[in-house]
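Q: Got a structure for you, questions after.
The values are calculated or read from the model by the stated rules, or taken from the named source; none is laboratory data. For clarity, every value in this text was computed on a predicted model and none was experimentally measured. Backbone-built Cβ (ideal geometry, glycine too); neighbour counts: all protein chains shown.
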Amino acid sequence: MKTSLIPEDAVNPAILGYVISFKRSSCTDNNYIKCYLKGESSFCHVIRGVHQGHTYEVQVAAYNIAGEGKHSLPKLGKIYEVSMISLRYAIILNQK
């Protein structure tokens, strides 16, 4: 995913973290659930509360003292079981 790292109206403020927004793709409303990752520099994050077999729209943006930057275009991802032992699930994003 590509995202604008700094809001257009801000002048060189430091990035404080990132926000991951997601919702089921079958939802007709535009209410995304947001996860704020303060100070994160990782390219990986586990989103809790998703359900296997469902497809989700996921987008990401950076934020700073001026607010959130532009969100990336939504990517579709389907939930797959990652580990039979731990019963963890992951959203696998299509790279197309």
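Q: Here are the criteria: (1) out of contact with any strand residue (DSSP E or B) (no Cβ under 7 Å at 6 or more places or on another chain); (2) modelled with pLDDT of 75 or more; (3) of a type in the set (Gly, Ala, Ser). Tell me which single one residue 17 does not satisfy.
A: Of the numbered conditions (1) out of contact with any strand residue (DSSP E or B) (no Cβ under 7 Å at 6 or more places or on another chain); (2) modelled with pLDDT of 75 or more; (3) of a type in the set (Gly, Ala, Ser), the odd one out for residue 17 is (1).
Q: Filter the range 55-96 down to the residues that are more than 18 Å from residue 18 (Cα to Cα) and hydroxyl-bearing (Ser, Thr, Tyr), then identify the one that is modelled with the lowest pLDDT.
A: This residue is 86.
Q: Give the residues of the range 45-75 that are among the acidic types (Asp, Glu) and either closer than 15 Å to residue 27 by Cβ or part of a loop (DSSP other than H, G, I, E, B) (or both), sorted by residue number.
A: Across the range 45-75, the qualifying residue is only 57.
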